[in-house]
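Working notes, structure below.
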Amino acid sequence: MSIHASAIVHPSAQLAEGVEIGPYAIIEEHAIIGKGTSIGAHAVIGKWTELGENNQIYHLASVGAAPQDLKYKGEECWTRLGNGNVIREFATIHRGTVTGHAETVMGNNNLMMAYSHVAHDCTVGSGNVFANSATLAGHVTVQDNVILGGLVAIHQFVTIGSYSMLGGGTLVGLDIPPYMIATSGKRDAKLRGLNLIGLKRRGFSDAAISNLKKAYKTLFMSELKQPEAIAKIRSEIVGCAEVDTLLAFIEASQRGICRG
């Protein structure tokens, strides 16, 4: 363990072996920091924050601060990160609220670039990339292996499906289905098609991609209503896990689905 002499570490904080705390960093009460995690200069780890192993919190980042929610009155709520996350300078992650999940959760191996933000009660999966100044409002869910371009802004309670990609500056008010690309429309995000390059790079089979193309055309390029389109796809494409995931996501959506 290496703690710089100028760092401030609360006596109740729990630090595992191999933790590094840089100059002028602040670790608040009840923080739990896992093995091999490094905290950069002037970074702040808020109270009730749990970091797993081998995370890199860069200088001037803030993880676990109180939420920007006027209803929050200092109740015990948590921020929990898994392993191998990289939180770059000036990025911010806020703890949950008692009117939400009482925790903000992030999985493993995510990259948050400078000035990106995860608000209270968000759930972020694993393998995601948040480019500079990408911003989640409260209660947003980002699944796995998503890429958010710079200056993306996502509305409260939206869900972003796995393996999707949002172009820079996109404003998102509706759910983005998995496997898709979306960019800015006149007022809100618009689907532009499948994230074909991303799917190929991730090793999706040609058969799966072909089935997703067929499903996309039926869902978004036919004149069928959504329930009719889903029924047609299920009758024509059987045994494709990716298509099943896509349809299940659409059926579970509470806010509605972004379209082209």
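The values are calculated or read from the model by the stated rules, or taken from the named source; none is laboratory data. Here the structure is a predicted model, which is why all the values come from computation and not from measurement. Please note: Cβ atoms are built from the backbone with ideal geometry, for glycine as well, and neighbour counts cover all protein chains shown. Keep in mind that these areas ignore ligands, DNA and RNA; they rest on the heavy atoms of the full protein, side chains included. Shrake-Rupley method; radii C 1.70, N 1.55, O 1.52, S 1.80 Å.
Past 27 Å, Cα to Cα, is the threshold; run 47/190; 186/213; 71/186; 186/232 against it and keep the listed order.
47/190; 71/186; 186/232
Roughly to the nearest percent, how much of the accessible area of the range 1-152 is carbon and sulfur, given a 1.4 Å probe?
Working: 3350 of 6240 Å².
Taking all protein chains in place, the range 1-152 shows 54 percent carbon and sulfur surface.
Any idea of the accessible area per residue across the chain, 1.4 Å probe, to the nearest Å²?
In whole numbers, the chain has 46 Å² accessible per residue.
Full extension from residue 192 to residue 59: what is 0.36 nm times the residue separation minus their Cα-Cα distance, to one decimal in nm?
44.2 nm
How many angstrom lie between the C-alpha centres of the range 83-115 and the range 147-195?
After rounding, the separation between the Cα centres reads 19 Å.
Could you list the residues of the range 40-81 with an amide nitrogen less than 17 Å from a label point located 7 Å from the Cα of residue 24 in the Cα-to-C-beta direction?
Residues 40-45, 58-63 fall inside that zone.
Could you tell me the calculated FRET efficiency between residue 236 and residue 99, based on Cβ-Cβ distance and R0 = 45 angstrom, to the nearest 0.05?
That pair, residue 236 with residue 99, gives E of 0.55.
How would you rank 29-36, 59-66, highest first, on the average number of other Cβ atoms within 10 Å across their residues?
Averaged packing, sorted descending, gives the order 59-66, 29-36.
Tell me, what is the 1.4 Å probe accessible area of residue 1, in Å² to the nearest 10?
Only protein atoms counted, so the area is about 130 Å².
Please compute the modelled spin-label separation between residue 223 and residue 8, points set 7 Å along Cα→Cβ, answer in nm with one decimal.
Inter-label distance under the simple model: 6.7 nm.
Can you figure out the FRET efficiency of residue 209 with residue 68, using R₀ = 41 Å and their beta-carbon distance, to the nearest 0.05? Intermediate results must be reported in sequence, preceding the final value.
Working: r = 40 Å, r/R0 = 0.98.
Plugging the Cβ-Cβ distance into 1/(1 + (r/R0)^6) gives 0.55.
Which helices count as membrane-span-like in the chain under these terms: full DSSP H, at least 18 Å along the axis by C-alpha, Kyte-Doolittle mean of -1.0 or more?
Membrane-span-like by this criterion, though nothing is claimed about a membrane: 206-220.
Among (1) 1.04; (2) 1.00; (3) 0.95, which one is Rg/Rh (Cα atoms, Kirkwood Rh) computed from these coordinates?
Correct label, based on the coordinates given: (1).
In whole Hz, what ³J(HN,Hα) sequence does the range 150-161 give by Karplus (6.51, -1.76, 1.60; θ = phi - 60°), x for Gly and Pro?
Computed from phi, the couplings for the range 150-161 are x, 6, 5, 10, 10, 5, 3, 6, 7, 10, 10, x Hz.
With each run of n ≥ 4 DSSP H residues scored as -39500 (n - 2.57), what mean residue ellipticity at 222 nm is computed for the chain after dividing by its residue count and rounding to the nearest 500 deg cm²/dmol?
Working: 4 runs with 44 residues, N = 260.
Value at 222 nm, helices only: -5000 deg cm²/dmol.
Could you order the peptides 246-254, 130-138 from most to least packed, using the average number of other C-beta atoms within 10 Å per residue? Can you show the working numbers first?
Numbers: 246-254: 15.7, 130-138: 21.9.
Highest mean packing first, the order is 130-138, 246-254.
Given H placed 1.01 Å from N in the peptide plane, which residues other than close sequence neighbours of residue 122 have an amide H under 5 Å from its amide H?
Answer set, sorted by chain and number: 105, 139, 140.
Loop-only GluC sites (Glu not before Pro) in the range 181-244, please: DSSP not H, G, I, E or B, and at most 11 other Cβ atoms within 10 Å.
Here the sparse-neighbourhood loop sites are 223.
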